[in-house]
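**Student:** I have a structure here, written as structure tokens, and I will follow up with some questions on it.
The numbers here are math on the coordinates, done by the rules we state, and not lab data. Quick caveat: nothing in here was measured; it's all calculated off a predicted structure. A quick note on method: Cβ atoms are made from the backbone with ideal geometry, for glycine too, and the neighbour counts reach across all protein chains shown.
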């Protein structure tokens, strides 16, 4: 065990894969006071999502979850056939029952080594604005993706009900989340946790750049500065790495699919985002 608690982060656990389920079963805190941030894509099915996060919540002092696109899919073989907002709210209710902090809950305060920070789990979605330079509209971006055979499964399984589109749902979540961040207690510095990167730059390394339209929104490009972020945690891209934008650390903490992480060596472990002096 380590002497002091840490704020740890991981994402894209995809526990529908047997090896990834084993990975989650093996995860343990390093200190009894460790918190764990989970930046989405735990699983595709409600039962698996609750199982994995409930297990982690029984081990870590606090688990904080931001949803990914996979949690919001409505698969034909999932007994929970809710769509859109109703599915998200159903998951929030189930996860609260097992002690997980959701984007609808008050932001927990981490006693960081450099002072307190508000740990803000976000759910803001995407609006097709991360387009390649030669493309100017959502329709053109989708046409290009279909032409190149790089289409996100969201187009079939992620429903925005009752909103007319995914970008309309994103608009609503942006307004709601921005208001909450602006009203945070004491205007503390933040650690922002979102499934998608809040800035465009991480998507520039994608093998298929046209896929970026399903990876975030230009409207969060200044949030790491605007809300005084000590760090930003995200996943989704399955390109785990650490980068810095405007002096702020951005941590991509995804596990990914077994075929992606197994060739790299040992099973991925949560990354340390912050420590404390007490």
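**Student:** Most fluctuating residue of 207, 75, 166 in a GNM of the chain with Cα springs under 10 Å: which is it?
**Tutor:** Result: 207 has the largest fluctuation of those listed.
**Student:** Among 73, 35, 51, which one moves the most in a GNM of the chain with springs linking Cα atoms closer than 10 Å?
**Tutor:** Comparing 73, 35, 51 in a Gaussian network model of the chain, the most mobile one is 51.
**Student:** How far apart, in nm, are the 7 Å Cα→Cβ label points at residue 19 and residue 172?
**Tutor:** That separation, rounded to one decimal, is 3.9 nm.
**Student:** Between residue 97 and residue 259, what is 0.36 nm times their sequence separation minus the Cα-Cα distance? Round to one decimal in nm.
**Tutor:** 55.0 nm
**Student:** In terms of the ratio Rg/(2.2 N^0.38 Å) built on C-alpha atoms, what value belongs to the range 211-278?
**Tutor:** Compared with the compact-globule rule of thumb, the range 211-278 sits at 1.29.
**Student:** Over the Cα atoms of the range 147-250, what Rg and Dmax result, in angstrom?
**Tutor:** 14.9, 49
**Student:** Which distance in nm do the two modelled labels at residue 151 and residue 239 give, with both placed 7 Å along the Cα-to-Cβ direction?
**Tutor:** Reported label-point gap for residue 151 and residue 239 is 2.4 nm.
**Student:** By the gyration tensor of its Cα atoms, with a ≥ b ≥ c the square roots of the eigenvalues, what is the shape of the range 1-98: rounded for a/c under 1.5, prolate for a/b over b/c, or oblate?
**Tutor:** Judged from the Cα gyration tensor, the range 1-98 comes out prolate (a/c at least 1.5, a/b above b/c).
**Student:** Moving on to the next point. Could you tell me the ratio Rg/Rh of the range 105-197? Both radii from Cα atoms, Rh via Kirkwood.
**Tutor:** Ratio of gyration radius to Kirkwood radius for the range 105-197: 1.09.
**Student:** Kindly state, to the nearest 0.05, the FRET efficiency for residue 269 paired with residue 75, given R0 = 41 Å and r defined as their beta-carbon distance.
**Tutor:** Working from the Cβ atoms, E equals 0.90.
**Student:** On to the next question. Can you tell me, using C-alpha contacts under 8 Å and at least 6 residues apart, the relative contact order of the range 6-275 as a whole percent?
**Tutor:** RCO, the range 6-275: 24 percent.
**Student:** Treat each spin label as a single point 7 Å out from the Cα along the C-beta direction, and report the residue 105 to residue 222 distance in nm.
**Tutor:** Reported label-point gap for residue 105 and residue 222 is 3.2 nm.
**Student:** Additional query: What is the Cα radius of gyration of the range 6-275 over 2.2 N^0.38 Å, N being its residue count?
**Tutor:** In units of the 2.2 N^0.38 Å rule of thumb, it is 0.94.
**Student:** Let me ask something else. Using just the Cα positions, wrap the range 166-215 in a convex hull and report its mean projected area in square nanometres, one decimal place.
**Tutor:** 4.3 nm²
**Student:** Also: For the range 42-101, just say rounded, prolate or oblate: build the C-alpha gyration tensor, square-root its eigenvalues into a ≥ b ≥ c, call rounded for a/c under 1.5, and beyond that prolate if a/b exceeds b/c, oblate if not.
**Tutor:** Prolate.
**Student:** Right, something else. Test of understanding: in a Gaussian network model of the chain with alpha carbons linked when under 10 Å, which of 54, 68, 115 would top the mean-square fluctuation ranking?
**Tutor:** Taking springs between Cα atoms under 10 Å, the residue moving most is 115.
**Student:** Can you give the extra length, in nm with one decimal, that the chain gains between residue 89 and residue 26 once fully stretched, where that is 0.36 nm per residue apart less the Cα-Cα distance?
**Tutor:** 19.8 nm
**Student:** Let me have the relative contact order for the range 85-142, percent, based on Cα pairs under 8 Å that are six or more residues apart.
**Tutor:** In percent, rounded to a whole number, it is 18.
**Student:** Of all DSSP beta bridges located in the range 6-275, what percent are antiparallel, nearest 5?
**Tutor:** 40 percent
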